[in-house]
Amino acid sequence: MPLAITHMVSSLYLVNAIQKRLLKHQQHYRAIFSSRLLFMAALAGLLPDIDIVYHAAFYMAGVTLPAWLQHGGIFHTPLFALPFLVLGLAFLKYERPRPAVACFIITVGILLHILLDFVLGGGADSGIMWLFPFSQQGWSINILAKSGIPHAASLLDGLVAIFWLAVLETGVGLKRIME
Ligand SMILES: [Zn+2]
């Protein structure tokens, strides 16, 4: 499964790319986007794995959760992103662009997390329940496990971390990211 740094850095980069594209055509968005929102993008990219945290807490308390509430359950489905999308559209309707953008960033972060878990192999062993709650069928491409590379997820996460540290150290790309 892709690990934390992979999820956070990919979400940050995707949101930054969307931001740059938007700003190219819609300069009035400049006042809305900030490095704080990119920080939020990184956290949103990790948000579905909140199920690891509360699952561990319930496990230690001796409580068994139903499968759809365990890691890879409902928080790893598009249904989890839906309320943020709806809230974002509502804020947009009432001309509140700042909270609308924040909600859209969370939506993007969640969906990217699910997509990465689907492609690389994360969440539940049975895969991502794209059609939840209509179906609990899971799908997964699971590239990391199929690659046969030992510790592939840790290797990928380490490489992403080194890349990110290089960006921070050299400043290459950083200016673009923080613009
Ligand atoms: Zn996950």
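Suppose the filter is under 18 Å from the mean Cα position of the chain (by Cα) and not in a helix (DSSP H, G or I); does TRP164 pass it? Here the answer is no, as TRP164 does not meet what is asked.
Rundown of residues vs (1) assigned to a helix (DSSP H, G or I); (2) farther than 27 Å from HIS71 by Cα, yes/no style:
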| position | (1), (2) |
| --- | --- |
| LEU87 | yes, no |
| ARG98 | yes, yes |
| THR107 | yes, no |
| ALA124 | no, no |
| PRO133 | no, no |
| LEU144 | yes, no |
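For segment 32-44, state whether one or more residues are at pLDDT 95 or above and under 28 Å from GLN137 (Cα atoms). Within segment 32-44, one or more residues are at pLDDT 95 or above and under 28 Å from GLN137 (Cα atoms). Which ones in segment 61-84 are more than 14 Å from the chain's Cα centre (by Cα), surrounded by 17 or more Cβ atoms within 10 Å (Cβ to Cβ) and over 18 Å from PHE134 (Cβ atoms)? Scanning segment 61-84 gives GLN70, HIS71. Across segment 58-72, the number of residues qualifying as among the polar types (S, T, N, Q) and more than 14 Å from GLY127 (Cα to Cα) comes to 1.
Hey, can you tell me all the residues within segment 5-22 that are hydrophobic (A, V, I, L, M, F, W, C) and touching a Phe, Trp or Tyr at 6+ places or on another chain (Cβ under 6 Å)?
Residues of segment 5-22 hydrophobic (A, V, I, L, M, F, W, C): 5, 8-9, 12, 14-15, 17-18, 22.
Within segment 5-22, VAL9, LEU22 meet the criteria.
Per-residue answers, yes or no, for (1) within 15 Å of the ligand (Cβ to nearest atom); (2) in a helix (DSSP H, G or I):
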| site | (1), (2) |
| --- | --- |
| LEU12 | no, yes |
| LEU23 | no, yes |
| ALA56 | yes, yes |
| HIS71 | yes, no |
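Selection over segment 134-151 of residues that are more than 16 Å from GLY123 (Cβ to Cβ) and of a type in the set (A, V, I, L, M, F, W, C) gives a count of 2.
The values are calculated or read from the model by the stated rules, or taken from the named source; none is laboratory data. Predicted model, so just to flag it, every value in this text is computed and none were measured. Note: ideal-geometry Cβ built from the backbone for every residue, glycine included; neighbour counts use all protein chains shown.
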